[in-house]
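The values are calculated or read from the model by the stated rules, or taken from the named source; none is laboratory data. All of these numbers come straight from a predicted model, not from anything done at the bench. FYI the Cβ positions are ideal-geometry reconstructions off the backbone, even for glycines, and counts take in every protein chain you see.
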Amino acid sequence: MAGTDGIHPAAARRPAVPARAGARQTRASLALAAAIGTAWLGIHFGAIFGWRWSLPTAPLAALLILVQAWLSTGLFIIAHDCMHGSFAPGRPRLNRLVGALCLAAYAGLSYRHLLPKHHEHHRAPGTAEDPDFHPAEPRRALPWFVRFFTGYYTHAQILRITLAAIVYLLLGATLPNIILFWAVPALLALAQLFVFGTYLPHRHHDTGFVDGHRARSNDWSRLTSLVTCFHFGAYHHEHHLSPATPWWQLPRIRAEAPARR
């Protein structure tokens, strides 16, 4: 169960971040979230309401869709930090507010619904109790992805997205623009989060895992790590070792004390 402050009790039991360090971490998180959120909103509303289709503009539209997918992944990662209380240490209301806004914008997701599911994942990663895992198919991507998708997308979410789309249509947007600049990036981001943030880190190999976190990192460059999943894939084992560390500090964790991969 999630606590009333919007952070799971397991996160609340971790040692508190010193006040000054927590304030710096909050400011940095807010600045990065503002940059990601502003870019996402600019493309979202600008493209949905202002895009005019023609053959010459099609390549630019494709590029915008890919950028928006990456930014949508960023929104989810910000919300993920909020779930761990690492976005704004010691400020549960701010974590809850930012997390809820990011998930709602990304794909009409419910922060309250996802919060306990994510901490179930951390309690028993890579087991039958892990909602992000497919115990019957620990190596095959497609059946695992189907289970992942159906586990997070709900009728309430579809209703919220539908209502938002109706409002957009009433305000003058076109259905193709809504689909291509909101639905498609959200689905691409879902695939990105699954492949780089769940499947590759937690997929079973013959070599097994180094510890009970059942998670792997990799040696990709920081740029590749950022582009693929905001460091959440390449530094996934580090995240499980230190879930109170925000996404943008995960490379520092490895640099200070190289994690076992």
Output the residues belonging to the stretch 240-261 that are free of Cβ contacts under 8 Å to residues at least 12 places away in the same chain and assigned to a loop (DSSP other than H, G, I, E, B). Ser242, Ala257, Pro258
Quick check on Arg20: is it in a helix (DSSP H, G or I), of a type outside the set (A, V, I, L, M, F, W, C) and at pLDDT below 95? yes
Failed condition for Thr198, given (1) closer than 17 Å to Tyr106 by Cβ; (2) exposed (fewer than 12 other Cβ atoms within 10 Å of the Cβ); (3) of a type outside the set (Gly, Ala, Ser), with all others met? (2)
Please work out if Ala183 is touching a Ser or Thr at 6+ places or on another chain (Cβ under 8 Å), assigned to a helix (DSSP H, G or I) and modelled with pLDDT of 95 or more. no
Against the definition (at pLDDT below 95, closer than 24 Å to Glu129 by Cα and of a type outside the set (A, V, I, L, M, F, W, C)), how does Gly197 come out, yes or no? no
Scan of the stretch 214-239 for residues that are assigned to a helix (DSSP H, G or I), over 15 Å from the mean Cα position of the chain (by Cα) and buried (at least 17 other Cβ atoms within 10 Å of the Cβ), ordered by number: His237, Glu238
Of all residues being farther than 22 Å from Arg27 by Cα and modelled with pLDDT of 90 or more in the stretch 240-261, which is surrounded by the fewest Cβ atoms within 10 Å (Cβ to Cβ)? Just the residue, please. Leu241
Looking only at the stretch 202-213, decide whether some residue is of a type in the set (Ser, Thr, Tyr) and crowded, with 16+ Cβ neighbours inside 10 Å. no
Being farther than 21 Å from His236 by Cα and part of a loop (DSSP other than H, G, I, E, B) narrows it down to one residue among Ala136, Ala88, Ala105; which is it? Ala136
Would you check if there is a residue in the stretch 59-74 being closer than 22 Å to Ala23 by Cα and out of contact with any strand residue (DSSP E or B) (no Cβ under 6 Å at 6 or more places or on another chain)? yes
Just checking, which of Ala173, Ala189 is buried (at least 18 other Cβ atoms within 10 Å of the Cβ), at pLDDT 95 or above and in contact with a Ser or Thr (Cβ under 7 Å, 6 or more places away or on another chain)? Ala189
Only one of these conditions is not met by Thr38: (1) at pLDDT 95 or above; (2) surrounded by 15 or more Cβ atoms within 10 Å (Cβ to Cβ); (3) not in a loop (DSSP other than H, G, I, E, B). Which number is it? (2)
For the stretch 48-95, enumerate the residues that are surrounded by fewer than 24 Cβ atoms within 10 Å (Cβ to Cβ), touching a residue at least 12 places away in the same chain (Cβ under 8 Å) and charged (D, E, K, R). Arg91, Arg93
If I go through the stretch 141-170 residue by residue, how many of them are modelled with pLDDT of 95 or more and among the basic types (Lys, Arg)? 1
Taking first residues from the stretch 136-165 that are more than 20 Å from Ala100 (Cβ to Cβ) and touching a residue at least 24 places away in the same chain (Cβ under 8 Å) and second residues anywhere that are hydrophobic (A, V, I, L, M, F, W, C) and surrounded by 15 or more Cβ atoms within 10 Å (Cβ to Cβ), the pairs with Cβ under 6 Å that are 6 or more apart or on different chains are Phe145/Phe194; Phe148/Phe194
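Quick check: anything in the stretch 84-95 in contact with a Cys (Cβ under 6 Å, 6 or more places away or on another chain) and over 19 Å from Gln157 (Cβ atoms)?
First, pick out the residues of the stretch 84-95 that are in contact with a Cys (Cβ under 6 Å, 6 or more places away or on another chain): 95.
From what's left, over 19 Å from Gln157 (Cβ atoms): 95.
Checked against the condition, which is being in contact with a Cys (Cβ under 6 Å, 6 or more places away or on another chain) and over 19 Å from Gln157 (Cβ atoms), the stretch 84-95 yields at least one hit.
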